[in-house]
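Below is one structure, written out as structure tokens; the observations come after it.
All of the numbers you see were taken from the coordinates with simple rules; none came from a lab. Since the model is a prediction, treat every value here as computed from it, not as a measurement.
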Amino acid sequence: MKLIARFLALPAAAFLVSCHPPTQAVPAPNVADARSVLGFLGAYGRHDLDGMMKYLDDEAVFLGTAGSLSKPQIRDFFQSSFRKHPRLRVEVGSLKEVQGAVHAVVKVETEAIWTDTWIFELRSHKIHRYSLASVRR
């Protein structure tokens, strides 16, 4: 009886595996888009405000819980943040594309440490709109 069970187990396992669709790979972002997102986040980590701004298009907005910030307001926010947190550190994790937007896992360390997924929508390889996944939930 054990021999029959072993004999049948292999074909049954093969059948079950064939019924499951293959795991789909998460698409990598467009290289130019990824370069823009990484450039923006790298400049953020270096406290390079001008460097950050060059990756935003003229109509860029940040969507947050308090509403949206325009490009000049984004600049003011980060300028204030750099003054308030002079030892701010940024660590970028994985990047993936989800429904045309680049999702970047970002860890920010100030007096506290928090990690969130930043969602970037790009236009002509410039950041047009971005938000945090925690805000969109």
Specify whether the C-alpha gyration tensor of region 74-126 places it in the rounded, prolate or oblate class, a ≥ b ≥ c being the square roots of the eigenvalues: rounded for a/c under 1.5, otherwise prolate if a/b is larger than b/c and oblate if not. oblate
Per residue of region 56-64, what does 6.51 cos²θ - 1.76 cosθ + 1.60 with θ = phi - 60° give for ³J(HN,Hα)? Whole Hz please, x for Gly and Pro, Karplus curve as stated. 9, 6, 4, 9, 4, 9, 9, 9, x
Zero-based 10 Å bins, Cα pair distances in region 27-136, whole percents: 15, 51, 32, 2
Under 28 Å between alpha carbons, and skipping anything fewer than 8 positions from K71 in its own chain: which lysines qualify? K54, K84, K96, K107, K126
Phi angles of region 96-111, converted by Karplus (6.51 cos²θ - 1.76 cosθ + 1.60, θ = phi - 60°) into ³J(HN,Hα) in whole Hz with x for Gly and Pro, give 8, 9, 10, 6, x, 10, 8, 9, 10, 7, 10, 10, 10, 10, 10, 6
Applying the Karplus parametrisation 6.51 cos²θ - 1.76 cosθ + 1.60 with θ = phi - 60° to the phi angles of region 50-55, what ³J(HN,Hα) value in whole Hz is obtained for each residue in order, glycine and proline being reported as x? 4, x, 5, 5, 5, 8
Inter-part distance where region 66-94 and region 105-131 are each reduced to a Cα centre, Å: 10 Å
